[in-house]
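Notes for the one structure printed next.
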Ligand code: 0WD
């Protein structure tokens, strides 16, 4: 049985009730995990309030800011985890960012700054958070990140985010190789398109969703809960032999020619 009782799980990337990270947090909670939740801080504290109200019913024992471009904040986050939890078992990396102007039109129009920012927030952050979690995963652990087919195939308008996802998927493999001897597994979930705040920035996302509904074997897109269930599996002992993999949760879309 899927059981995460006694596991300390940090979930990043909840922006609202459409976020994939919200689906994952709910399923980890359901399986018995003790949750820590991070939010992206903004000047007016709007995100903090909104995310706090949303996650309160899951009784997270930690609720802290984490902008992955802010090194001091990451250090503080993991110091708090060390002091309050002692150890961490699960890290969910469920965040990405590219400017809206970079998610439509010609890929080659991307600026150096836009390229660097997308890779930094969407790919480097997995390395950074994993490095911070590593010394605290004293009983082994599971790290799960979210990726998309646009990292292995050209998908219209995904542009620089495709490059970031390709880097992210390679990060998964290098991290899995490095952390495996410490009993830490690292995997990615490649989710089918879901309407969220982040995906709404990608040009033509609704057309992509309709295309999946037409082509995918299951004739529908996936839900946050389905991605959450796959994440719970990858975080549990049921997947103890799996690391360095990308698991497609996409209604089977990627197998179709
Ligand atoms: O179709 C989709 N929605 C898919 C999403 C298909 C396949 C994969 N994914 C991936 C995304 O690329 C991302 O890695 O899933 C992950 C979660 O995305 P989401 O659930 O679609 O989007 P959303 O609810 O917007 O959450 C992403 C969050 C941010 O939200 P906004 O929309 O405010 O950018 O990532 C967080 C933030 O909460 N985020 C950051 N967190 C820490 N530091 C940062 C940052 N600098 N920037 C964004």
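The values are calculated or read from the model by the stated rules, or taken from the named source; none is laboratory data. Nothing here was measured: the structure is a model prediction, and the numbers come from that model. In this analysis, Cβ positions are derived from the backbone assuming ideal geometry, glycine residues included, and neighbour counts consider all displayed protein chains.
Of the listed requirements (1) more than 9 Å from the ligand (Cβ to nearest atom); (2) within 30 Å of residue 218 (Cβ to Cβ), residue 183 misses just one: (2).
Tell me the residue from 226, 207 that is farther than 22 Å from residue 100 by Cβ and in a helix (DSSP H, G or I), please.
Values: 207 fails: farther than 22 Å from residue 100 by Cβ.
Within the list 226, 207, the selection yields 226.
Under the condition of being in contact with a helix residue (DSSP H, G or I) (Cβ under 7 Å, 6 or more places away or on another chain) and either within 16 Å of the ligand (Cβ to nearest atom) or modelled with pLDDT under 95 (or both), the residues counted in region 206-222 number 5. Give region 30-55 a look and list any residue that's at pLDDT below 95 and either surrounded by 24 or more Cβ atoms within 10 Å (Cβ to Cβ) or near the ligand (Cβ under 8 Å from one of its atoms) (or both), or say none. Answer for region 30-55, where residues must be at pLDDT below 95 and either surrounded by 24 or more Cβ atoms within 10 Å (Cβ to Cβ) or near the ligand (Cβ under 8 Å from one of its atoms) (or both): just 47.
May I ask you to list the residues in region 229-252 that are over 16 Å from residue 188 (Cβ atoms) and not in a loop (DSSP other than H, G, I, E, B)?
We begin by selecting, within region 229-252, every residue over 16 Å from residue 188 (Cβ atoms); these are 236-238, 240-241, 251-252.
Of everything in region 229-252, those that are over 16 Å from residue 188 (Cβ atoms) and not in a loop (DSSP other than H, G, I, E, B) turn out to be 237, 238.
Every condition in (1) crowded, with 16+ Cβ neighbours inside 10 Å; (2) farther than 22 Å from residue 83 by Cα; (3) modelled with pLDDT of 95 or more; (4) within 9 Å of the ligand (Cβ to nearest atom) is met by residue 27 except one, and the failing one is (4). Of the residues screened, residue 121 is one that is assigned to a helix (DSSP H, G or I), surrounded by 15 or more Cβ atoms within 10 Å (Cβ to Cβ) and within 12 Å of the ligand (Cβ to nearest atom). Exactly one residue among 74, 88, 14, 81 is closer than 19 Å to residue 148 by Cβ and either at pLDDT 95 or above or crowded, with 23+ Cβ neighbours inside 10 Å (or both), and that residue is 14.
Residue check: residue 238 meets all listed conditions (1) more than 16 Å from the ligand (Cβ to nearest atom); (2) surrounded by 15 or more Cβ atoms within 10 Å (Cβ to Cβ); (3) on the phi < 0 side of the Ramachandran plot but one, namely (2).
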